[in-house]
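A short worksheet on the structure shown next.
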Amino acid sequence: MSEENVAVVRGMLEAFVRSDVRGALAAFDPDVEWDGTNLPDGKLAHGTDAVMEHLSTWAEMWETWEVELEDVRDGGGDRVIAFIRERGRTRAGLELNERHSELYEVRNGLITYRKGFSDADEALRADGES
């Protein structure tokens, strides 16, 4: 099932990068658990409305913003780890060039859990690889 799970996460992230929000949201279970506690104002939330709220709030901060999908790999079992690079300038003038990671769980072809990590290697440690 791991190749299929990687394909689900990769497809969702590729849809997101090309601004296909509807396509990206279709990959999530309606009751997805969204863990954004790695961010200063982040929180633990549930449902696709929480996903949209997070993405909208994050996107509104940027004057320029670019997202690059670097890698998506099998994390074992239902888990998938994605490595993402974000570059941009906030409306407040702060420059960002950051590589981070996200840990996903996929069940029955849908993403049921997502946790973000500001340090890219943290997802590997959380998944027990390091």
Candidate set from segment 55-66 (those that are loosely packed, with under 14 Cβ neighbours inside 10 Å and either of a type in the set (Phe, Trp, Tyr) or modelled with pLDDT of 90 or more (or both)); member that is nearest to Arg114 (Cα to Cα): Glu66
Residue count, segment 22-40 (criterion: among the hydrophobic types (A, V, I, L, M, F, W, C) and assigned to a strand (DSSP E or B)): 3
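The values are calculated or read from the model by the stated rules, or taken from the named source; none is laboratory data. Since the structure is predicted, the reported quantities are computational estimates derived from the model, not experimental observations. Please note: Cβ atoms are built from the backbone with ideal geometry, for glycine as well, and neighbour counts cover all protein chains shown.
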